[in-house]
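First comes the structure, then the notes that go with it.
The values are calculated or read from the model by the stated rules, or taken from the named source; none is laboratory data. If you're wondering where the values come from, they're calculated on a predicted model, not measured in any experiment. Cβ placement follows ideal geometry from the backbone for every residue including glycine, while neighbour counts extend to all protein chains displayed. Keep in mind that these areas ignore ligands, DNA and RNA; they rest on the heavy atoms of the full protein, side chains included. Shrake-Rupley method; radii C 1.70, N 1.55, O 1.52, S 1.80 Å.
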Amino acid sequence: MGDHLLSIFVALPFAAAALVTLIPRANQAAHRFVAGTAIAAAFAFLIAVVFGGFDPSHGGLQFIESVPWIPDFQVRWALGMDGLALVLLLLSALIHFLAVLATQKKIDGSRGYYALLLLLFGGVNGVFLATDLFLFYVFWELMLIPMYFLIGIWGGEQRKRAAGKFILYTLFGSVLMLVGVVAVYLRSGADGVLPTFDIFALQAQALTWAADTGGLFGIDFTTWIFGLFFLAFAVKIPVVPFHTWLPDAHVQASTPVSVILAGVLLKLGAYGMLRIAFPFAPDAFSELAWMVATLGVINVVYGAWVALAQTDFKRLVAYSSVSHMGFFLLGMAGVAMAVEGTAHFEAGPRFNSIAGASFQLITHGVSAALMFLLVGVVYDRAHSRDLNHFGGLGRIMPKFFFIATVGFFSSLGLPLLAGFVPEALVLFWAWPSWPMHVAATAFGLILTAVYLLQAYRSILLGPTRGSCESYRDLAGGELVTMLPLVIASGVLGVAPFLALDLIAATLETILSALPPEVMP
Amino acid sequence: MPTADFFPLLLAVPLLPLGAWLLQVLFGKGLPRGGDWLSTGAMLGAFSITVALYLRAYGLGEEAEFFVWSSESEQGWKWLVSHEGMNSGLANFRAGLWYDGLTAPLLAMVAGVSFLVHLFSTGYMQGNSRYIAYFAGLSLFSFAMLAMLISDNLLFVFMFWEVMGLCSFLLIGHDSMDLKRPRPRAAAASVKAFLTTRVGDVALLLGLAIVWNGFGTLQFHELAVAVPDMIERYQGWPNWLETAGLLIFLGAVGKSAQFPLHVWLPDAMEGPTPVSAMIHAATMVAAGVYLMARSFPVLAPGVLAVIAVLGAFTAFFAATIALTQDDLKKVLAYSTISQLGYMISAIGLGSPDGALFHVFTHGLFKAGLFLGAGAVIYACNHKQDLRKLGGLRGRMPVTYVSMLLCTAAISGVPFLSGFYSKDVILAFAAQGWGGGAGMVAMLPLVLLGLAAPLTVLYMFRMFLLTFSGEPRSDHARAAKEVPLPMSLPLVLLGFGALFGAMLWFAKPYPSNAAHEVAVILASASLALGLFAALLFFQFRKLDPSQVAAALGPWSRGARSLYGVDGFLHSTIVLPVLALGRSASRFDRRIVDGAVHGIGGLAVWVGAQFRRLQSGHIQRYLYLTYAGLLILILFALWRVR
């Protein structure tokens, strides 16, 4: 059994989903219980891994499994866990569990809902753990389908349209990824060896591809690979201008689905960038890093600027996600350029920059999930998300006031809360490579404060509006759903090493895969 | 030398108010009186510790750095990575503690003033609809400032500085949600305060990024060593270091309310008055000066010149506005801006010690002034218009004496605390003038010298209009002295205004000649200002409105705050918001529109293949996969 830990872990949600479908339709409490228990068990497993078998000083894969799956094409059922995957799995399990808690007790078609939620959870786990590119692709597709139905069936009035947009964008990305997958597979066999789907074997091989002269339309092979994977993952992050599915999807999705979408799914795109797009084509990445950095700045500033004009609370938070994910791109680009004139620590800046990018995935997961839960509370009381309909909730809802303050200011990047850590890391250490980009991003930080405080003020401050007088403060269940995120935000802000210790060695391994001349 | 028992004591200073905050947030409702005794008691505890530390520090003499729990040592809080050997790359931030001859009196002053503000608030805020939230905010505010003062590196200074921004935001906006007397404008004021300072904060963060990338450290001591090395290597100040200095200074411009980012501070008067005392005396605005004093080693000469002139200009500029204000608290607000100008200018003139000395004395008497104003406002049923006050001397004798001492101290009456600290700054300004570096070197002395008599005039105007003459409203007539929890802080702060300067370790004068110039200047200013104030507002020999009319546009300009608010609003705020609306329209019509256009094209193409178009997403999916499968097979075939 010890040899198949990860397989069991990946299979667990699928088994739970099957179990849910066997429970009678009317027994909603049982559906909820099974889903919640399965995810809680997964979370407990991960905690046990952190304190048990996981070795944070080892940067490579742990708990490796690999058995042939489709031998004709060298496809293997290969799983493995490293620090980055572990931290993101923890985040995913926490967010999925809170999403179950945030779901109303009575919901139409609860059997399908919880089964899909579990499928989604299982697919996400698979993406984080797959070390075979084909398997990665399968899990990637597997998790997108449940999301489509979760938006399209349990969403708002225009849910069909939003779900359609979501799936079209997603297919666009998937097609590009599939082409990329096939291309690297074929390329790996071109030198007379057996082709492979193994992600790490491909990474090792990728260093030799840079010498390839041939290509299509005058663009060399590695640039093609980088471009295909970058675009495929860019849709999911999302990178401007491929972002317009996100606000629509968020506005139509129900609160728990939004929480998962912002808290977990956006991170998958970023994970793919770190795992695949950039290590598969390090040279092309180095050459195109200016573009990645520029897109990052555009995400930060443009997202914030558009958020500024939103009157729908949920749309505003959706655009804030676009803005915050820009930090990831900028941090990733910070790895790329040769650093001159900083003799003090050659390896420092680029390492810290990518550490900031990775940390942003965690903190954004926490604070965006919290923000969408706050939106959910407001919508539950008012059946409106129009920011002009509120005022003075601070006095009548003191508990909500406290949690909202943590959520808003964590999102804003206040020190001692989680949001500050990646912003500081990226600004400090992307600086040597991209000073002008960093300066422009800093301007985005001011805009972030503007749109967040505008929303904060119109919801919480001022005299209480007559129509809001009857709103009740957070109930126990709502409090239980939000407090873990509040605590996580505080803990990660005060002691970021708790998460960084886990991912540091992994990031070093990723960086060391760079070709020597790109290495610091 | 450092002794081990210092560590827990020093650490307890910020942790006590933090603990009080936590308990209030968790259990505030269940505690008697909402737990105000808890936070007040915690502050008393913190204050006692700072006094004990101060006495020990005093006993150790005037060594500049006698106690540093450095972040280099093993004991620092390793913020980013907990075990060092794990990877070589991650440059770590460690937080250490720092306590030296400048920290000792400042820490005690901040803790003491915070305690008195807490005590005063137990009376002033009685019956407030959000009493618990108020005290929780006050505790967190004190925590952040105390923690900032004992941090040993600029990054942690920045972190606690931002937390202070949050606390001031919450406290300024506190009354906007009040049940009985909601102040809608307080909400706008709190947002304005946070955003205005945020502009400076972001610049500061960039400045710190540059400094870090240049030196690999943000620790005070390490910077003080590294910067001279760097200058030797570059044969001068490199451009990037000058840029960093300016960016750091921008942070202080925001936080310490220097022109043109001073606009948030007068609006912040919407907050409860004890909060104003907190912001103006002990915490927020002092942080900017403290930051500049600690980052002094990285400030290039050119940057120092900018700082000296801008500070001196702010001192003069705000003093002229203070003369024209009719709101008791607004006069004090502009007086704070003006005094902060003195401190900032002192940094630029090369005397960070002098700047912090003034922070120290100013903290004592400005807290006294604001709490005194709070007492007046409390006694006069929340009236704070100077035209409606008057004649409170006999009605509120304790407040009267305390305010008189504080007013005299800020005016620079000899042998009171403010005299000594302002004297140091003027002496440094005079020295710069003596250096003979032309017009620019003279500017600080001229501007600060002009501001000095104006300070006396506007302070005594405020004081006389409040306390002398006959009451000018029923509320003032009915005023009574405030109860003990409120009057006790006034008495103690009155003593502070009297003797505060003695508590500062070393008084840093530049030279005797400059010192003499300063004393002469200060005395002349005092005589002139006091004479004019008595003539105008005590004996009423001159009518201020006639003088104002004679000054014409200048007086009108000062009254309208020189239009800075309006200018910033129309040139920055409105365009930013308008661009936001354009960006939103662009996003909806162009970016999303293009997507829909492509989508529409796809549908049209689909319509050409009628039989395939079923409208089912699943069908599309299958088709996509079928197509891809064909592609793959084709590719595989080609490879073979």
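Worth pointing out:
- Segment B:324-347: number of residues that are polar (S, T, N, Q), in a helix (DSSP H, G or I) and surrounded by fewer than 24 Cβ atoms within 10 Å (Cβ to Cβ): 1
- Any hit, segment B:135-152, residues being hydroxyl-bearing (S, T, Y), more than 20 Å from the chain's Cα centre (by Cα), more than 7 Å from chain A (Cβ to nearest Cβ) and open to solvent by less than 20 Å² (accessible area, probe 1.4 Å): no
- Filter result for A:N352 (away from every other protein chain (no Cβ under 11 Å), more than 14 Å from A:A488 (Cβ to Cβ) and either under 20 Å from the mean Cα position of the chain (by Cα) or assigned to a helix (DSSP H, G or I) (or both)): no
- Filter result (open to solvent by 10 Å² or more (accessible area, probe 1.4 Å) and over 24 Å from B:I347 (Cβ atoms)) within segment B:442-462: B:L457, B:F460, B:R461
- Restricted to helices (runs of 4 or more DSSP H) entirely inside segment B:547-591, those with at least 3 residues that are open to solvent by 80 Å² or more (accessible area, probe 1.4 Å) and within 14 Å of chain A (Cβ to nearest Cβ) are B:574-586.
- When the residues of segment A:26-85 are filtered to those that are aromatic (F, W, Y) and outside any helix (DSSP H, G or I), the one that is nearest to the other protein chains (Cβ to nearest Cβ) is A:F54.
Results for (1) polar (S, T, N, Q); (2) surrounded by 23 or more Cβ atoms within 10 Å (Cβ to Cβ), shown as yes or no for each residue.
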{"site": "A:I107", "(1), (2)": "no, no"}
{"site": "A:S110", "(1), (2)": "yes, yes"}
{"site": "A:L117", "(1), (2)": "no, yes"}
{"site": "A:L120", "(1), (2)": "no, yes"}
{"site": "A:N125", "(1), (2)": "yes, yes"}
{"site": "A:L129", "(1), (2)": "no, yes"}
{"site": "A:L133", "(1), (2)": "no, yes"}
{"site": "A:F139", "(1), (2)": "no, no"}
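- Residues of segment A:437-453 that turn out to be within 14 Å of A:T294 (Cα to Cα) and more than 8 Å from every other protein chain (Cβ to nearest Cβ), as a count: 4
- Here A:R465 meets the list (1) in contact with a Phe, Trp or Tyr (Cβ under 7 Å, 6 or more places away or on another chain); (2) charged (D, E, K, R); (3) closer than 24 Å to A:G303 by Cβ almost entirely, failing just condition (3).
- Helices (runs of 4 or more DSSP H) (entirely within segment B:377-485) containing at least 1 residues that are of a type in the set (V, I, T): B:397-411, B:417-434, B:439-467
- Filter result for B:F463 (of a type in the set (A, V, I, L, M, F, W, C) and over 29 Å from the mean Cα position of the chain (by Cα)): no
- Residue within segment A:201-209 that is crowded, with 23+ Cβ neighbours inside 10 Å, away from chain B (no Cβ under 14 Å) and polar (S, T, N, Q) present: no
- Taken over segment A:231-287, the criterion of being more than 14 Å from chain B (Cβ to nearest Cβ) and of a type in the set (V, I, T) is satisfied by A:I237, A:T255, A:V257, A:V259, A:I260, A:V264, A:I276.
- Test for A:F420: is it under 15 Å from A:V406 (Cα atoms) and within 10 Å of another protein chain (Cβ to nearest Cβ): yes
- Any hit, segment A:300-312, residues being touching a His at 6+ places or on another chain (Cβ under 8 Å), open to solvent by 10 Å² or more (accessible area, probe 1.4 Å) and of a type in the set (V, I, T): no
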